[in-house]
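Colleague: One structure follows; several queries about it will come next.
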Amino acid sequence: MRFSGCFIPTSKETPAEAQIVSHRLMLRAGMITQTASGIYSWLPLGVRALGKVADIVRQEQNEIGANEVLMSIVQPSELWKESGREQSYGEELLRFKDRRQRTLLYSPTNEEQITDIFRKYIRSYRDLPKNFYQIQWKFRDEIRPRFGVMRGREFLMKDGYSFDLNVEQAKKTYKNIFTAYLKTFKRMGLTPIPVQADSGSIGGDMSHEFHILASTGESLLYYDKKISEFDFSSPDVFKKFSKVYAASEDKHDPDNCPVHKSDLEQSRGIEVGHIFYFGTKYTKSMNATVSDANGNQIYPEMGSYGIGVSRLLGAIIEANHDDKGIIWPKEITPYQIGLINLSVDNEVCTALSDNVYQGLVKQNIEVLYDDRNERAGEKMADMDLIGVPYQIIIGQNSIANKTIEIKNRRTGEVSKVEQHDIINVDFGKINEAELYKK
Ligand code: P5A
């Protein structure tokens, strides 16, 4: 994309309302703009990064055989009367009336709705297990929306729901999803810490949260310091992990903690995922049954599994930035390469930049080409703020020295690629694979 044709409203000003760095940078890089308290519109750069997060989540869900659905955002309140949550969910649940005075609600989560779909179609044990997910907008009328997309009222979630024939199978499903979550966050360049958690309004008796450590995190975590040596990529990670103590603030009981005080660490974290096993809570209350092998009607065992897709953008930026701006991990970056033409008035510079641009586009590399007629300093500052991992910088020096400069955004290191023929660029040296190999 040519920057001149993009809508990327960057800003030098530090927004007064933004208390944490990820919120400030998302606003300054022109990724999001506030619509109302806790409600944001996503601008083109934000949409691209959000899409990258969603793609990884989707691939890992498909990998474990989950079925993607897209449930309506608006639900009838009757479904929530059946489960009892219409009352218990409280003020966070946004309700409204349609023209026939029926009460509708904007989904904060969808356990009831998926159970309703399940009971309409699935009647036999032979159809189990089943695992569903969606990537869909939620609304929760949070009492204190803050930190931008971290705690919004409207936010994007991956919510998954599983149905199994018995407790044993359901626990196996839970463990598979636990493992898939670790892999999902790892692919985003993050180091997730799973902790035992409280089930809250979802209900149930087994629950884990996944956290990214950050001083700005809203949650307080307690864990055995051994966890820093833990190998989260081992195949039986759940079993191994169950032996190490790690708990959220709500779950941690200082009087009954199995870890000695001297071995107990305390840190703040951003909750990017939360999974629940709650058995028959919804299948029973909503009378969703299947027949078992003996022809008896039984209630399937359920779990639900959430990833904060929009919150993850905040968490990723909290973990990857410096005083100049964002430093995207390559898996999430909205563009793989930034190309800056420092002298648009110089014909040779522009011809060279255009050539490089077209060459990269031909290789299907997502490139943001700053062809704007702006001051060099401004263009470099914008590219640093936006945080594209590699910048190709072309200016009068490139012509004089027959070199193209490639800057690594994270290290600031500049490497020079020599060109024998300055206009006909040798892309062997500046393609994406070469750059990211370093
Ligand atoms: C699990 C999926 C649930 O809602 N029902 C369906 C279960 N769990 S949860 O913990 O309440 O939410 C799942 C994840 O969504 C993110 N999240 C938020 N992100 C931004 N703003 C919010 N206000 C917000 N609330 C929850 C979190 O990442 C959470 O782990």
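Colleague: Starting from the amide H of CYS257, placed 1.01 Å from N in the peptide plane, find each other amide H under 5 Å away whose residue is 5 or more places distant or on another chain.
Modeller: none
Colleague: Bins of 5 Å, beginning at zero and ending with the bin holding the largest distance: percent of Cα pairs per bin for the range 69-216, please.
Modeller: 2, 7, 14, 18, 22, 17, 11, 6, 2, 1
Colleague: Let me ask another. Can you give the FRET efficiency for ARG102 and GLN396, using 1/(1 + (r/R0)^6), R0 = 60 Å, r = Cβ-Cβ distance, to the nearest 0.05? Could the numbers behind the result be given before it?
Modeller: Details: r = 68 Å, r/R0 = 1.13.
Between ARG102 and GLN396 the formula returns 0.30.
Colleague: Quick one: work out the % antiparallel among DSSP beta bridges in the chain, nearest 5. Don't skip to the answer; put the middle values down first.
Modeller: Values: 70 of 84 bridges.
Rounded to the nearest five, the antiparallel share is 85 percent.
Colleague: OK, next. Taking every pair of alpha-carbon atoms in the chain, what share in percent sits in each 10 Å bin, from 0 to the bin with the longest distance?
Modeller: With a bin width of 10 Å, the distribution comes to 4, 19, 25, 23, 16, 9, 4, 1, 0.
Colleague: Against the longest principal axis of the chain, how steep is helix 167-187, in degrees 0 to 90 to the nearest 10, with axes from Cα atoms?
Modeller: Compared with the principal axis, the helix lies near 10 degrees.
Colleague: Whose amide H sits under 5 Å from the amide H of ILE270, counting only residues 5 or more places off or on another chain, with H placed in the peptide plane?
Modeller: ILE212, LEU213, ALA214
Colleague: Which whole-Hz couplings ³J(HN,Hα) result when phi for each residue of the range 92-97 is put into the Karplus expression 6.51 cos²θ - 1.76 cosθ + 1.60, θ = phi - 60°, listed in order with x for Gly and Pro?
Modeller: Each residue of the range 92-97 in turn: 6, 7, 7, 10, 8, 10 Hz.
Colleague: Placing +1 at every Lys and Arg Cβ and -1 at every Asp and Glu Cβ, with all other atoms neutral, what dipole size does the chain have around its Cα centre, in debye to the nearest 20?
Modeller: On the way: 57 positive and 60 negative charges, 129 e Å.
Roughly 620 debye for the chain.
Colleague: Hey, another quick one. How far is helix 347-362 tilted off the main Cα axis of the chain, in degrees rounded to 10, range 0 to 90?
Modeller: Helix 347-362 and the main axis of the chain meet at about 30 degrees.
Colleague: How would you rank GLU154, GLU17, going from fewest to most other Cβ atoms within 10 Å of each one's own Cβ? Could the numbers behind the result be given before it?
Modeller: Details: GLU154 22, GLU17 11.
Fewest to most other Cβ atoms nearby, the residues stand as GLU17, GLU154.
Colleague: Additional query: Using the count of nearby Cβ atoms within 10 Å as a rough guide to exposure, how do ASP236, ASP322 rank from fewest to most? Mind dumping the intermediate values first?
Modeller: Working: ASP236 10, ASP322 13.
Ascending number of Cβ neighbours within 10 Å: ASP236, ASP322.
Colleague: Now for a different question. Any chance you could check the Cα centroid distance between the range 1-66 and the range 70-95 for me, in angstrom?
Modeller: About 29 Å separates the Cα centre of the range 1-66 from the one of the range 70-95.
Colleague: With an 8 Å cut-off on Cα pairs and a minimum separation of 6 or more residues, tell me the relative contact order of the range 69-177 in percent.
Modeller: Worked out over the range 69-177, it gives 26 percent.
Colleague: Quick one: Karplus J couplings for the range 306-316, per residue in order, coefficients 6.51, -1.76, 1.60, θ = phi - 60°, nearest Hz, x for Gly and Pro?
Modeller: x, 10, x, 5, 6, 4, 4, 4, x, 5, 5
Colleague: Another question, then. Count charges around ILE32 for me, please; just the other residues with Cβ under 13 Å from its Cβ, Lys/Arg as +1, Asp/Glu as -1. The partial results should precede the final answer.
Modeller: Values: positive: ARG24, ARG28, ARG48, ARG311; negative: GLU17, GLU154.
With Lys, Arg at +1 and Asp, Glu at -1, the neighbours total +2.
Colleague: What trypsin sites (Lys or Arg not before Pro) in the range 59-108 are in a loop by DSSP, with at most 11 other Cβ atoms within 10 Å of the Cβ?
Modeller: Numbers: sites: LYS81, ARG85, ARG95, LYS97, ARG99, ARG100, ARG102; in loops: ARG99, ARG100, ARG102.
Answer by residue number: ARG99, ARG100, ARG102.
Colleague: Just how far, in whole angstrom, is the range 357-388 from the range 228-249 if you go by their alpha carbon centroids?
Modeller: 42 Å
Colleague: Could you sort out which of LYS251/LYS281; LYS52/LYS243; LYS171/LYS225; LYS81/LYS120; LYS12/LYS402; LYS52/LYS158 sit more than 24 Å apart by Cα distance in this structure? Intermediate results must be reported in sequence, preceding the final value.
Modeller: Details: LYS251/LYS281 21 Å; LYS52/LYS243 34 Å; LYS171/LYS225 27 Å; LYS81/LYS120 18 Å; LYS12/LYS402 33 Å; LYS52/LYS158 13 Å.
From LYS251/LYS281; LYS52/LYS243; LYS171/LYS225; LYS81/LYS120; LYS12/LYS402; LYS52/LYS158, over 24 Å: LYS52/LYS243; LYS171/LYS225; LYS12/LYS402.
Colleague: I would also like to ask the following. For ARG140, ARG48, what ranking results if the residue with the fewest other Cβ atoms within 10 Å of its Cβ goes first? Before the final figure, lay out each step's value.
Modeller: Working: ARG140 22, ARG48 18.
Ranking ARG140, ARG48 by Cβ neighbours within 10 Å, fewest first, gives ARG48, ARG140.
Colleague: Would you give the gap between the C-alpha center of the range 316-352 and the C-alpha center of the range 263-313, rounded to a whole Å?
Modeller: First find each Cα centre; the distance between them is then 41 Å.
Colleague: Using Cα pairs closer than 8 Å and at least 6 residues apart in sequence, work out the relative contact order for the chain, in percent. Spell out each step's value before the answer.
Modeller: Numbers: 854 pairs, mean separation 69.7, N = 438.
Taking the mean separation of contacting Cα pairs over the length of the chain, I get 16 percent.
Colleague: Please give every one of the aspartates and glutamates within straight-line cross-link reach of LYS362, meaning a C-alpha to C-alpha distance under 13 Å, and leave out same-chain neighbours fewer than 8 residues apart.
Modeller: ASP354, GLU432
Just so you know, all these numbers are worked out from the coordinates, no wet-lab data involved. Please read all numbers here as calculations on a predicted model, not as lab measurements. FYI the Cβ positions are ideal-geometry reconstructions off the backbone, even for glycines, and counts take in every protein chain you see.
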